[in-house]
Amino acid sequence: EAVSGTVPVVVHVLYNTPQQNISDAQIKSQVDVLNEDFNLQNKDISGVPSVFVPREGTIGFRFQLAQTIRKQTSVTTWLPNDDMKYSSKGGDDVVDPDHKLNLWVCNLGDGLLGYAQFPGGKPATDGVVIGYFCFGRTGGKLEPRFDKGRTATHEIGHWMNLRHIWGDKTCGNDLVDDTPQATTYNFGCPSFPKYNSCNSGEIEMTMNYMDYTDDACMYMFTKGQSNRMNAVFFNGGPRSAFFQ
Ligand code: ARG
Ligand code: ZN
Ligand code: CA
């Protein structure tokens, strides 16, 4: 259900090469993607199969770029060990994590697109890390399979307490009622309908942002996911200081 509020976003750009120092336009495009994807304003929402249309969910609040911090670093490739979140380790310290979403954009190498911290973790490392080549949706240097800014959509889903849609094990549980079970993760662009091989035999929601499909093939959250994300910010949830 719609609530009002705005999540201020701090973007830390950590670059070793000029290519990694992504442009302001690239950063703006990512914030635009977030506002669209979390609010049913993405153009490809029309691709949702009719059986899933009644489950489409909108989070009801917006994202706003609050600050961009650029920093050159001698680190050529970062490991997913949170070093980029500390100035003392060649990265950049978190800014006001009780009230702001921190995004670190850096070189995570070729294998990992991004990673997130779930609610309730250490404030010093709270936020999301995204590889520079899949941040935003303009610029032409992006990896084609990941050029619609949906790595950040997916990771911010985790930051708002969403699990992977397959529940991180075979026919697992993502703790959301209106997402169908999935046998496991999906890559690429599966054709519809794809039935799971679980006892439930449901059609998988491979177009959900919390699967591992290509950016062009993920384009919805459900109402149940939106409720779970909202719960993080309200009624004493772990991020309830955000909108106060
Ligand atoms: N943490 C996941 C990975 O690095 C993110 C997947 C995002 N998927 C996407 N199509 N952008 O693989
Ligand atoms: Zn994930
Ligand atoms: Ca489910």
| task | Would you mind stating whether S50 is free of Cβ contacts under 8 Å to residues at least 24 places away in the same chain and either surrounded by fewer than 17 Cβ atoms within 10 Å (Cβ to Cβ) or assigned to a loop (DSSP other than H, G, I, E, B) (or both)? | result | yes
| query | Among the listed residues G157, G172, G224, which satisfies the condition of being surrounded by fewer than 24 Cβ atoms within 10 Å (Cβ to Cβ), within 17 Å of the chain's Cα centre (by Cα) and within 16 Å of ligand 3 (Cβ to nearest atom)? | reply | G224
| said: Can you say whether T183 is touching a Phe, Trp or Tyr at 6+ places or on another chain (Cβ under 8 Å) and within 16 Å of ligand 2 (Cβ to nearest atom), as far as the supplied structure shows? | reply: no
| Are there any pairs with C-beta distances below 6 angstrom linking a residue in segment 142-167 that is in contact (Cβ under 8 Å) with a residue 60 or more places away in the chain and polar (S, T, N, Q) to a residue that is part of a helix (DSSP H, G or I) and more than 12 Å from ligand 2 (Cβ to nearest atom), with the two at least 6 apart or on different chains, and if so which? | T151/C134; T153/D37; N161/R228; N161/V232
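Kindly provide the set of residues from segment 175-188 that are more than 9 Å from ligand 3 (Cβ to nearest atom) and either over 25 Å from P144 (Cα atoms) or touching a residue at least 24 places away in the same chain (Cβ under 8 Å) (or both), ordered by number. Walk me through it before giving the result.
Restricting attention to segment 175-188, the residues satisfying the condition of being more than 9 Å from ligand 3 (Cβ to nearest atom) are 183-188.
Scanning segment 175-188 gives T183, Y185, N186, F187, G188.
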| Here are N199, N161: which of them is in contact with a helix residue (DSSP H, G or I) (Cβ under 7 Å, 6 or more places away or on another chain) and more than 13 Å from ligand 1 (Cβ to nearest atom)? | N161
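Read-outs throughout are calculated quantities, based only on the coordinates presented, and are distinct from any laboratory measurement. Here the structure is a predicted model, which means the values were calculated and not measured. Backbone-built Cβ (ideal geometry, glycine too); neighbour counts: all protein chains shown.
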